[in-house]
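A quick write-up on the structure given underneath.
The values are calculated or read from the model by the stated rules, or taken from the named source; none is laboratory data. Bear in mind the structure is a predicted one, so any value in this text is a computation, not a measurement. Cβ atoms come from the backbone with ideal geometry, glycine included; neighbour counts cover every protein chain shown. These accessible areas exclude ligands, DNA and RNA; they are computed on the full protein's heavy atoms, side chains included. Shrake-Rupley method; radii C 1.70, N 1.55, O 1.52, S 1.80 Å.
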Amino acid sequence: MESSTVTTRPQPKLHSLVHFEIPASDPATVSKFYEQLFDWKFSKWGEQEYWLIAHKDAPANETMGGLFKRNAPNEQFVNYFSVNSIDESAAKATGLGAQVVTAKQEIPTVGYFAVLKDPDGNVFALFQSTGGM
């Protein structure tokens, strides 16, 4: 009988930038631009139009960001920050004047995220890891 192996990633450092996303009207052109500029590599993730971004020498399952098909003309880069609890951090942020743009959602086998706007209208995201990948 074979044993199954589960790959886990270390918990990200609390309150640090752990992921970014780049919207692209033409993902093929934009990914080629970043491949040539920074030697990044892109790999399709799932069935949706989403590609994970890694350094060219990164080991398997080590990513730093994602690229997705732009849904609206005003979409910009989004930075994801590590938190212990989406619920607690979102409540604290809204108490400080932030607005929730996208409520807490699950990323299966990875964790949870929520998207907010700071009091000046800057969009950012909270990320809570479940440690799996």
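Numbers for the structure displayed
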read-out	value
Subset of segment 49-77 (residues that are open to solvent by 90 Å² or more (accessible area, probe 1.4 Å) and closer than 18 Å to Pro23 by Cβ)	Glu49, Asn71, Pro73, Asn74, Gln76, Phe77
Selection status of Trp45, within 17 Å of the chain's Cα centre (by Cα) and crowded, with 19+ Cβ neighbours inside 10 Å	no
Yes/no for Ala114 being among the small types (Gly, Ala, Ser), buried (at least 17 other Cβ atoms within 10 Å of the Cβ) and closer than 17 Å to Thr130 by Cβ	yes
Selection from segment 78-98 of residues that are hydrophobic (A, V, I, L, M, F, W, C) and surrounded by 11 or more Cβ atoms within 10 Å (Cβ to Cβ)	Val78, Phe81, Val83, Ile86, Ala90, Ala91, Ala93, Ala98
Spans of strands (runs of 3 or more DSSP E) in segment 53-133 with at least 2 residues within 29 Å of Asp39 (Cβ to Cβ) and either of a type in the set (S, T, N, Q) or without any contact (Cβ under 8 Å) to a residue 60 or more places away in the chain (or both)	65-69, 78-82, 111-117, 123-129
